[in-house]
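Everything below concerns the one structure shown next.
The values are calculated or read from the model by the stated rules, or taken from the named source; none is laboratory data. For clarity, every value in this text was computed on a predicted model and none was experimentally measured. Every residue, glycine as well, gets a Cβ built from its backbone with ideal geometry; the counts of neighbours run over all protein chains shown. What goes into the accessible areas is simple: the full protein's heavy atoms, side chains included, and nothing from ligands, DNA or RNA. Shrake-Rupley method; radii C 1.70, N 1.55, O 1.52, S 1.80 Å.
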Amino acid sequence: MSVNWALPFEEKLIPPGYEGKVVPPSVYQAVHKVLTDNYKEYWESVAKELEWFKPWEKVLDDSRPPFYKWFVGGELNLSYLAVDRHAKSWRKNKAAIIWEGEPIEDGKPKEVRVLTYGDLYREVNRVAYMMRHVLGLKKGDTIAIYMPMVPELPIVMLAAARLGVIFTVIFSGFSAQALADRINDSKAKVLFTADGSWRRGKVVPLKEIADKALESTPSVQKVVVLRRIGNNVNMVSGRDYYFDELLKDVPQNVYVEPERVKSEDPLFILYTSGTTGKPKGIVHDTGGYATILHATMKYVFDVRDTDVYWCTADIGWITGHSYIVFGPLLEGVTEVMYEGAMDYPEPDRWAAIAERYGVTILYTSPTAIRMFMRYGESWVTKHNLRSVRIMHSVGEPINPEAFRWFLKVVNPNAVFGSTWWMTETGGIMISHAPGFLLVPMKPGTNGPPMPGVDADVLNDQGNPVKDRERGYLVIRKPWPGMPLTIWGDDERYVKTYWSKFQGVFYPGDFAVKDEDGYFWILGRADEVIKVAGHRLGTYELESALIQHKAVAEAAVVGIPDPVKGEVPVAMVVLKQGYHPSEELKRELNSWVREQVGPIASFADIKFVTKLPKTRSGKIMRRVIKAVLTNAPLGDLTTLEDETSVEEIKRAYEELRKEIS
Ligand code: WT7
């Protein structure tokens, strides 16, 4: 098992007040079976609840698997659905986004901005106008967005969606190199960025980082810079423009007709780590994506007009795309958006925010929860969070202890679950569904698959495993929200997700299914590690290491961490003439942080003289990992040189003691 805790298969929890509403798992399974057997009809019924400019001719084009197309012939626009619909209704003056900046002054947030649906409508139209008439962008162009967590970020995304301009958001914690790679792969014409962003009271110099990236991004013709901090930044004449200056002459009431976008037209590209060095540009469509978001907002979050919804993710990741920008706004909810660190300036910043706005639905991560747990419950209980009625976590497995603790300190009457999905799936796939049929909770489980989602757990031969046995998670039937492809690389799309098992989607996770049909996702089955819920490819980190002049070879593995879930550890072989030292360790660490971004921080770097490899020269990371975590070493017959294992064992004697 990959997780280092026992799974409480038999523990069933029913939130007080839900006694009459909870259904037995067998009832859920029966309903799920009917809907999933008839998945095309089921998804069609969900899609019909959205407003389409033109209805589809075919629910699913499955003539060229795995390149499935949903709602073919249909036309819609996500900016129209998320903004215009509400601005034209009674929701015009309803708060869409309550935004809070990070800085605190006299014990209070220094900046709070409330944007109603009417405000959002005005701003999205103005930015769309600017994009079309000043920047000359048109349907099918790509733009890159490297911005902090401020309302202009969703506004830019919605404006792009309005024009059918494909956008790619790059997390503002990524380095210049990572930014440049993503701009170049997507061939973005315009970059939207900011003068800086606030993080833990310090300024992150986004424009400065962008400038470094822009030295090697020939596709970018114009750069739009939002003034967030008000610091002086370098502006290249003829290339760089301030956001506010470009908007100055755009009338307040300008209207840009939303493009009639085809259901299968790409909405965005989002890069994510895989098992090779090059990040994958996951391409999402428009109609299928909207459909899965609508279903999950209804069923998983049970949103109502009286709710105050808060997803604490960053928009730079898929969670923010789906469950800060498009999902909640599609439903017309009021949501909280926060710029900064959850524990800044005090450990209870997040709880103060939840209390201040009366949050009723809270979506956060196991890493955040474990961090709050370390700070102690008094930081939570000094706030009244009883308004919270539904909580979910996402990004990595949640340990039962953290689950029980969070439920207790926030609100023992709430529904709490762990939603499994990934960048590739577009929306939530396996989860408790209080807005549909709630089954009893179990600490740490993901619950049953959503209606229409045909999930299973297979062994190496591709056969379903027994209950409570570990295997590989797969999704058997296509679903709306699935990727169109990997940007510019159809072959890699097929190879990565559709080749391990014939005809089914392989996400790359280990999982267990229990006798109630609940899934327990245990972690990655490939060379990807999850650091604080963020995906990092070990290969990415290794490539960064070997680009350093002192490094001959490197191997990176993830080891368990009590807060972040996993952290990377590197094994490094130095080139002739270089010698192990603490200083070199520090240098390598900051080198990789510079190449990849601050999330790429090693828990430890060890110098060794050789790495365990197969005879064909492949690094055996699983052997390194087994040594470091005191797990059985498994089959070593392909190992070229057994003394390499001995060396790692010695190098790690100390670290192993700390872990166990
Ligand atoms: C990987 C996908 C989906 C938004 C955030 C992550 C892991 C995600 C859970 C969960 C156990 C989870 C999987 C998956 N994962 N949610 N609730 N329980 N594991 O998106 O960066 O694309 O990562 O995150 O390992 O494959 P992502």
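List the GluC sites (Glu not before Pro) within region 1-109 that DSSP assigns to loop and that have no more than 15 neighbouring Cβ atoms inside 10 Å. Show your work: numbers first, answer last.
On the way: sites: E10, E11, E19, E41, E44, E49, E51, E57, E75, E100, E105; in loops: E10, E11, E19, E49, E51, E57.
Within region 1-109, the qualifying GluC sites (Glu not before Pro) (loop, at most 15 other Cβ atoms within 10 Å) are E10, E11, E19, E49, E51, E57.
If we count every other residue with Cβ under 14 angstrom of P464's Cβ, Lys/Arg +1 and Asp/Glu -1, where does the sum land? Combined, the nearby Lys, Arg, Asp and Glu give -2.
Taking a straight line from the alpha carbon of K21, these aspartates and glutamates sit under 14 Å away, with near neighbours fewer than eight places off in the same chain left out: D302.
Normalised by residue count, region 111-207 yields a Cα convex hull volume of 93 Å³ per residue. Based on Cα contacts under 8 Å between residues 6+ apart, region 253-343 shows a relative contact order of 22 percent. Taking a Cβ cut-off of under 15 Å around S89, the surrounding Lys, Arg, Asp and Glu residues balance to a net charge of 0, with basic ones at +1 and acidic ones at -1.
Charges only on Cβ, +1 for Lys and Arg, -1 for Asp and Glu: so what's the dipole of the chain about the Cα centre, in debye to the nearest 20?
On the way: 82 positive and 85 negative charges, 97 e Å.
With only Lys, Arg, Asp and Glu charged at Cβ, the dipole is about 460 debye.
Mind jotting down the distance between the C-alpha centroids of region 202-222 and region 328-401, whole Å? What the calculation gives is 32 Å, centre to centre.
At 222 nm, what helix-only mean residue ellipticity would the chain give, in deg cm²/dmol to the nearest 500, using -39500 (n - 2.57) for each DSSP H run of four or more?
Working: 18 runs with 181 residues, N = 660.
When only DSSP H runs of four or more count, the value is -8000 deg cm²/dmol.
Stretching the chain fully between F53 and R374 yields a gain of 110.5 nm (0.36 nm per residue, less the alpha carbon separation).
All distinct Cα pairs of region 254-348 go into the 1/r average, and the inverse of that average, the Kirkwood radius, is 15.5 Å.
Could you sort H133, H392, H32 by their accessible area in this structure, using a 1.4 Å probe and putting the largest first?
Heavy-atom accessible area, descending, gives H133, H32, H392.
What FRET efficiency comes out for R239 versus T638 if R0 is 51 angstrom and r is the Cβ-Cβ distance? Round to the nearest 0.05. Efficiency, rounded to the nearest 0.05: 0.45. So for region 400-559, taking the charge dipole from beta-carbon charges (+1 Lys/Arg, -1 Asp/Glu), which of T419, S499, A402 sits furthest toward the positive end? The residue sitting farthest along the positive end of the dipole is A402.
Students sometimes get this wrong: rank R404, R228, R374 by accessible area, probe 1.4 Å, all chains present, largest first.
Accessible-area ranking of R404, R228, R374, largest first: R374, R404, R228.
Ignoring lysines fewer than eight residues from K549 along the same chain, the ones with Cα atoms less than 23 angstrom from its Cα are K212, K278, K575, K585, K606, K610, K613, K618. The mean sequence distance of close C-alpha pairs (under 8 Å, at least 6 residues apart), as a share of the length of the chain, puts its relative contact order at 14 percent. Of the trypsin sites (Lys or Arg not before Pro) found in region 257-332, the ones in coil according to DSSP and having at most 16 other Cβ atoms within 10 Å of their Cβ are R260, R304. Across region 534-659, the relative contact order, built from alpha-carbon pairs under 8 Å that are at least six residues apart, equals 22 percent.
Cα extents for the chain along the principal axes, largest to smallest and rounded to whole angstrom: 72, 64, 58.
The largest-to-smallest principal axis extents of the Cα set in region 515-554 are 54, 17, 9 Å. With Cα atoms as the point set, the radius of gyration and Dmax of region 534-659 evaluate to 13.9, 38 Å.
Within the set of other residues whose C-beta is less than 13 Å from the C-beta of K69, count the net charge using Lys and Arg as +1 and Asp and Glu as -1.
On the way: positive: K40, K58, R64, K262; negative: E57, D61, D62, E264, D265, D285.
So the surrounding residues net to -2.
Overall, region 90-235 carries a charge dipole of about 540 debye about its Cα centre when +1 sits on the Cβ of Lys and Arg and -1 on the Cβ of Asp and Glu, all other atoms neutral.
Among the chymotrypsin sites (Phe, Trp or Tyr not before Pro) within region 3-36, which fall in a DSSP loop and have no more than 15 other Cβ atoms within 10 Å of their own Cβ? Display every interim value, and only then the final one.
Details: sites: W5, F9, Y18, Y28; in loops: W5, F9, Y18.
Passing both the DSSP loop test and the Cβ count: W5.
Per the 1.4 Å probe, what fraction of the accessible area of the chain, in percent, lies on carbon and sulfur atoms? Of all accessible area on the chain, carbon and sulfur atoms account for 49 percent. Each Lys and Arg adds +1 at its Cβ and each Asp and Glu adds -1 at its Cβ; summed about the Cα centre, region 534-659 shows a dipole of about 200 debye. Straight-line cross-link reach from K139 at under 20 Å between alpha-carbon atoms covers these lysines, not counting any fewer than eight positions away in the same chain: K54, K69, K187, K189, K222, K262.
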